[in-house]
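Trainee: Here's a structure for you.
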Ligand SMILES: Cc1cc2nc3c(=O)[nH]c(=O)nc-3n(C[C@H](O)[C@H](O)[C@H](O)COP(=O)(O)O)c2cc1C
């Protein structure tokens with residue numbers, strides 16, 4: 001990211017999570033209730049494990065905000081891990097109890113997790129040293145800061161929503177959803193499914209996987225609505241906004257593919273069906289379809305930005321997977337630790353946060369501004385020039 005910078009720290013069962021978000025202009029209203037509602041959305045979802053019943057994810061703002069308004073200085077966030085009370089002997093930053101540490105030592109890496117690759121890289125004999133940070137618990141810090149990015153975007157009329165598009169094989173054939181489809185997603189439904197007619201079948205699939213000691217993946221679609229044309233750029237590979245969005249969304253734990261618009265379907269058909277006609281409607285440029293997902297040449301074109309994240313099934317299986325004990329070098333089933341069967345609804349909320357952070361970054365890059373008043377005025381000016389284009393005023 002160029003204008004915004006996010007750094008997080010903290011282990012899954014350590015004392016808590018810290019995040020620092022740099023680059024937020026001064027004068028943004030920071031609504032803590034909104035941030036907490038977003039944190040709750042991340043914890044929701046059928047198929048999640050017991051951990052989410054322990055945590056309440058209260059966000060404490062420790063810098064960069066005064067009286068509910070951003071100051072333009074780095075925003076510091078702290079989220080306590082309530083589960084740390086149960087793990088102090090194993091995870092205390094300074095003093096641990098060797099017998100308890102040994103009992104919780106991870107020595108049979110889980111395929112699909114960072115355990116083996118991270119153990120080899122950092123030469124840790126307890127793979128917990130890797131998995132504690134690789135755990136998706138870190139994403140709570142991203143959602144806290146992603147919700148600040150959402151507040152910034154909402155200030156200029158940009159909204160972001162998501163929904164579960166497919167779970168395992170269920171729903172994978174359905175077309176890319178629209179903004180109107182996402183408006184119908186019920187956040188309190190078991191899986192936040194876009195296709196409500198498929199939700200019962202999805203819930204039954206989660207139950208079956210749970211019974212079998214297995215796990216599930218799927219697809220979540222995020223849409224940003226009200227995005228102005230002209231964010232991102234075609235001029236340099238690392239300025240292309242589709243690539244920047246893909247990077248942000250791919251960094252969500254377990255996301256292994258990112259689709260912009262209807263890319264998969266489009267790749268299988270002819271160009272005449274893939275591209276969106278350009279029309280004039282009431283004197284304005286208009287696209288009757290949005291297969292491109294709001295991005296052409298790495299630049300937003302004024303249509304909704306549509307990003308789908310495909311998540312692999314959760315890596316920790318209750319029934320285990322073939323693995324090797326790193327001590328004995330003999331075959332050993334991978335170890336089990338309390339885990340989710342699927343976390344797709346939560347992954348959607350985290351992906352929303354990443355889309356918000358990347359779009360807010362691109363917006364600030366486009367219009368600049370040290371204060372929100374400047375951001376608003378600059379954007380308005382930019383939109384006015386676009387309306388007159390290609391004529392001078
Ligand atoms: C919200 C969320 C919750 C997750 N919960 C678990 C879990 O309980 N157990 C697990 O093994 N993996 C879980 N994962 C997935 C792992 O974090 C992920 O598979 C692991 O970090 C390796 O993914 P990577 O290859 O993308 O880095 C979760 C992912 C997300 C997004």
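Here, each number is a calculation from the coordinates, and none is a lab measurement. Just so you know, these numbers come straight off a predicted model, no measurement behind them. Glycine gets a Cβ as well: all are built from the backbone with ideal geometry, and neighbour counts include every protein chain shown.
Trainee: Which semi-axis lengths, in whole Å and largest first, follow from the square roots of five times the eigenvalues of the Cα gyration tensor of the range 127-286?
Mentor: Whole-Å semi-axes of the equivalent ellipsoid: 30, 22, 17.
Trainee: Working from Cα positions, state the angle (0 to 90°, nearest 10) between the long axis of helix 372-388 and the longest principal axis of the chain.
Mentor: 50 degrees
Trainee: Could you work out the Kirkwood radius for the chain, taking every pair of different alpha carbons, averaging 1/r and inverting it, reported in Å?
Mentor: Averaging 1/r across every pair of different Cα atoms and inverting gives 22.3 Å.
Trainee: May I pose another question? Expressed in nm², what is the orientationally averaged projection area of the convex hull enclosing the Cα positions of the range 120-180?
Mentor: Spelled out: convex hull of the Cα atoms, projected over all directions, averaged, 7.4 nm².
Trainee: For 249, 80, which order do you get if you count the other beta carbons within 10 Å of each Cβ and list the fewest first?
Mentor: The most exposed by this proxy come first: 80, 249.
Trainee: Something else about it: Please state the equivalent ellipsoid semi-axes for the range 1-116: what are the square roots of 5 times the Cα gyration tensor eigenvalues, largest first, in whole Å?
Mentor: Each semi-axis is the square root of five times an eigenvalue, giving 32, 17, 15 Å.
Trainee: Distances over 18 Å make up what percent of all Cα-Cα pairs in the range 254-299?
Mentor: Of the Cα pairs, 37 percent sit more than 18 Å apart.
Trainee: Now, a different point. For the residues 180, 337, what sequence is obtained by ranking on other C-beta atoms within 10 Å, fewest first?
Mentor: Ascending Cβ contact count within 10 Å gives the list 180, 337.
Trainee: Which translational diffusion coefficient, to the nearest whole µm²/s, is obtained for the range 199-354 from the Stokes-Einstein equation, given a Kirkwood hydrodynamic radius over C-alpha pairs, 4 °C and 1.567 mPa s?
Mentor: The estimated diffusion coefficient comes to 71 µm²/s.
Trainee: Related question: Can you say what percent of the DSSP beta bridges in the range 5-388, counting only those with both residues inside, are antiparallel? Round to 5.
Mentor: 95 percent
Trainee: Taking 7 Å along the Cα-to-C-beta vector as the label spot, tell me the residue 100-residue 371 distance in nanometres, rounded to one decimal.
Mentor: Placing both labels 7 Å along Cα→Cβ, they lie 5.1 nm apart.
Trainee: Let me have the relative contact order for the chain, percent, based on Cα pairs under 8 Å that are six or more residues apart.
Mentor: Once divided by the residue count of the chain, the mean separation gives 22 percent.
Trainee: Separate question: For 388, 275, 13, what ranking results if the residue with the fewest other Cβ atoms within 10 Å of its Cβ goes first?
Mentor: Lowest count first: 388, 275, 13.
Trainee: For an R0 of 56 angstrom, estimate the FRET efficiency from the Cβ-Cβ distance between residue 69 and residue 327 and round to the nearest 0.05.
Mentor: 0.55
Trainee: Now for a separate question. To the nearest Å, what is the center-to-center distance of the range 140-173 and the range 80-116, using C-alpha atoms only?
Mentor: 31 Å
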